[in-house]
1. Taking the stretch 345-366 as the region of interest, how many residues are part of a loop (DSSP other than H, G, I, E, B) and away from the ligand (no atom under 11 Å from the Cβ)?
2. Would you confirm whether or not the stretch 104-118 contains a residue that is more than 15 Å from the ligand (Cβ to nearest atom), touching a helix residue (DSSP H, G or I) at 6+ places or on another chain (Cβ under 8 Å), within 28 Å of Glu194 (Cβ to Cβ) and not acidic (Asp, Glu)?
3. Would you pick out the residues in the stretch 155-174 that are open to solvent by 10 Å² or more (accessible area, probe 1.4 Å) and at pLDDT 95 or above?
4. Tally time: how many residues in the stretch 60-87 are in contact (Cβ under 8 Å) with a residue 60 or more places away in the chain, aliphatic (A, V, I, L, M) and closer than 26 Å to Thr159 by Cβ?
5. Do we have Ser316 as buried (at least 23 other Cβ atoms within 10 Å of the Cβ) and farther than 26 Å from Leu66 by Cα here?
6. Assess whether Ile20 counts as being under 18 Å from Cys131 (Cα atoms) and open to solvent by less than 40 Å² (accessible area, probe 1.4 Å).
7. State which residue is least open to solvent (accessible area, probe 1.4 Å) when the search covers only the stretch 26-50 and only residues that are assigned to a loop (DSSP other than H, G, I, E, B) and without any contact (Cβ under 8 Å) to a residue 40 or more places away in the chain.
8. Which residue is farthest from Leu338 (Cα to Cα), if the candidates are limited to the stretch 223-248 and must be open to solvent by 60 Å² or more (accessible area, probe 1.4 Å) and out of contact with any helix residue (DSSP H, G or I) (no Cβ under 8 Å at 6 or more places or on another chain)?
Amino acid sequence: EKDGYKHFMLKEIFEQPRTIEDTLKGRVFPDEARVYVEEVKIETKFIKDLSKICIIGCGTSYNAGLVAKFLFEKFLRVTVEVDIASEFRYREPVIDNKTLVIVISQSGETADTLAALRLANKKGCQTLAVCNVMESSISREAQHVIYTRCGPEIGVASTKAFTGQLTALYILALDWAAKKESLSKDVLKEYIKELWSIPVKVGDFLKTSDNVKEVAKNFSAKRDFLYLGRHVNFPIALEGALKLKEISYIHAEGYAAGEMKHGPIALIDESMPIVAIAPLGDVYEKILSNISEAKARGAIVIAVASENDKEIKQKSDAQIYVPATSELFSPFITVIPLQLLAYFVAEVLGKDVDQPRNLAKSVTVE
Ligand code: F6R
């Protein structure tokens, strides 16, 4: 059942080219530059008149929501709020019948996310679930569901479910942009093509996993890690840090790279490696300068960089190269090395990767 892999988590990391592809299939048609999500029957008029999208989840699912905010804002020019479920439900969120509430949950049973969904239903919002488990409570109670087609996720640390969630969210953003006509046909076509190419790129990267293993070996004795990212890769910094904490029990924090000088820079010395997510794109120069600031204070930097980046080698101490993508699609590619890094560090340390202490796969209590 582990198909020869030592742990479910590793198997699930390696399944991602397929699970992303399965989630795309029958919904994205690159040749016709078309997206079609049969099961989501939200009216075009509702999409056009939307006042706000609220995205809600916990843990990794929340991090997927943070990435989606960039997409919906950029593609639809609509206000997007992202909330942790246990915060949303105890506020008095301003939501009504022009609000679309998207709940994200792999298991479909997370208690706080379910309660947030019930609140949104009660307030008259349209509700949509991004879910991996059919017939789960959340998929039954949401008005619309888009399923990720990842198959059962056994490892407690979520990996393939995260990239499945991203896939579903990118599909929805493209579908609604087409309906709202808020992106030009050419741009839409470009994005659809790029989304379609993701599984192959993830597969290509996975062939280089030994490099990540080497990096993990060199850094597994460290006690603290700082993950830095900007723009769409800020949520990926959070996700990378979450993965490391969960399974290796090493303290890790994710930060928006631009926030470093507002506090965390005080922590930096050679004992705390920095994982800098720095693919080529509009914010590349900015993150490079954050890397330089950190290096000037003695930091050791592990860079996750684009394969065609010539500069990064001089600026960082270790490099993990990922296939080139446009910045907007880079989270699919930058998160994979961080999943692997967490996995290999935990493995080197002999931790129980699939069943980390104190954690449950599905959190059905508040
Ligand atoms: C992280 C992890 C958790 C879950 C969270 C939400 O690796 O697994 O943070 O993401 O408990 O679970 P779902 O998505 O089932 O609602």
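1. Start the filter on the stretch 345-366 by keeping residues that are part of a loop (DSSP other than H, G, I, E, B), which leaves 349-366.
Subset that is away from the ligand (no atom under 11 Å from the Cβ): 349-355, 357-358, 365-366.
Summing the residues that are part of a loop (DSSP other than H, G, I, E, B) and away from the ligand (no atom under 11 Å from the Cβ) in the stretch 345-366 gives 11.
2. Of all residues in the stretch 104-118, those more than 15 Å from the ligand (Cβ to nearest atom) come to none.
No, the conditions are met nowhere in the stretch 104-118.
3. The first filter runs over the stretch 155-174 and keeps only residues open to solvent by 10 Å² or more (accessible area, probe 1.4 Å), leaving 156, 158.
Hit for the stretch 155-174 is Ser158, nothing else.
4. Within the stretch 60-87, residues that are in contact (Cβ under 8 Å) with a residue 60 or more places away in the chain, aliphatic (A, V, I, L, M) and closer than 26 Å to Thr159 by Cβ number 5.
5. On the way: buried (at least 23 other Cβ atoms within 10 Å of the Cβ): yes; farther than 26 Å from Leu66 by Cα: yes.
So Ser316 passes the test.
6. Numbers: under 18 Å from Cys131 (Cα atoms): yes; open to solvent by less than 40 Å² (accessible area, probe 1.4 Å): yes.
Yes, satisfied.
7. Here is the first cut: in the stretch 26-50, the residues assigned to a loop (DSSP other than H, G, I, E, B) are 26-27, 30-33, 36-43, 50.
Imposing the further condition that a residue be without any contact (Cβ under 8 Å) to a residue 40 or more places away in the chain reduces the set to 26, 31-32, 38, 43.
Numbers: Gly26: 52, Asp31: 151, Glu32: 115, Glu38: 118, Glu43: 129 Å².
Looking at residues that are assigned to a loop (DSSP other than H, G, I, E, B) and without any contact (Cβ under 8 Å) to a residue 40 or more places away in the chain, I get Gly26.
8. Within the stretch 223-248, the match that is farthest from Leu338 (Cα to Cα) is Arg223.
The values are calculated or read from the model by the stated rules, or taken from the named source; none is laboratory data. As the structure is a computational prediction, the values presented were derived from the model and not from experiment. Using ideal geometry, Cβ is built from the backbone for each residue, glycine included, and neighbour counts are taken over all protein chains shown. The accessibility values were calculated without ligands, DNA or RNA, using every heavy atom of the protein model including side chains. Shrake-Rupley method; radii C 1.70, N 1.55, O 1.52, S 1.80 Å.
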